[in-house]
Amino acid sequence: MIKKYINIGADKFEIFLTEDQIQKRIKRLARQINEDYKGRVPIFIGILNGSFIFMSDLIRYITVDCEVDFLKLSSYGDAKISSGHVTLLKDLNATIGNRDIIVVEDIVDSGLSIDFIKRLICLHKPKTFKIVSLLYKKEALKINVKIDYIGFSIPNDFVIGYGLDHAQKVRNLRAIYKLVSKTEN
């Protein structure tokens, strides 16, 4: 059973996107990607740790042949907002030159991480470069980046669950919750 509210330490969160809403949107994103990549073999590059649940569900709806790889970055630490500094923690294993690349992100907010990723991948001269993000916070952008496939455009709220963490925890929640208040001690 999905709880309407959850408390984590002093923070109170309310349900923002249900599991059903998320799955329906992922199916629609996959249908569009399948249509766009018919007859091609894209490489989906998941950005760890946050995108692993979204990418897992998305890939199950992909019907075109594809490959999978991962990058791991750090820009948050345990904070609720990006530090503004992006560090590469795990590089790709796949050869991506002259390939169709689809980067899979859980959330694009400041745009700093996705700009870093695009610059890094484009050094390898891919054939195409596209981005799919489950969540997009246009209000939080510091760098204008083009997101090709957007699950949900959301306000600049702190969100958790479905891969999104709170100090590396609660990624396993089936729904997405948004911070609504600090609870009283």
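Values quoted throughout were computed directly from the atomic coordinates according to the rules given, and no laboratory measurement underlies them. Only a predicted model underlies this, so the values are computations on that prediction, with no experimental measurement involved. We place every Cβ from the backbone using ideal geometry, glycine too, and count neighbours over all the protein chains shown.
Odds and ends about this structure:
- Oblate is the label for segment 22-156, because the ratio a/c of its alpha-carbon gyration tensor axes (a ≥ b ≥ c) is 1.5 or higher and a/b is not greater than b/c.
- For segment 58-73, the Karplus equation 6.51 cos²θ - 1.76 cosθ + 1.60, evaluated at θ = phi - 60°, returns couplings of 4, 4, 5, 9, 7, 10, 7, 4, 7, 10, 9, 8, 9, 10, 10, 10 Hz by residue, with Gly and Pro reported as x.
- Label-point separation in nm, Tyr61 to Asp148, each point 7 Å along Cα→Cβ: 1.7 nm
- Measuring between their Cα centroids, segment 124-185 and segment 44-76 lie 14 Å from each other.
- Each residue, Val68 and Thr87, gets one label point 7 Å from its Cα in the Cβ direction; the gap between the two is 2.7 nm.
- Residue-averaged 222 nm ellipticity for the chain, from DSSP H runs of 4+ at -39500 (n - 2.57), nearest 500: -6500 deg cm²/dmol
- Comparing Ile47, Leu120, Asn34 along the charge dipole axis of segment 22-156, the residue lying farthest to the positive side is Asn34, per the Cβ-charge model.
- Separation of the Lys27 and Leu123 label points, Cα + 7 Å toward Cβ, nm: 4.1 nm
- Ignoring lysines fewer than eight residues from Lys12 along the same chain, the ones with Cα atoms less than 26 angstrom from its Cα are Lys3, Lys4, Lys80, Lys137, Lys138, Lys169, Lys178, Lys182.
- Links that overshoot a 25 Å alpha carbon limit, given the list Lys24/Lys142; Lys72/Lys142; Lys38/Lys118: Lys24/Lys142
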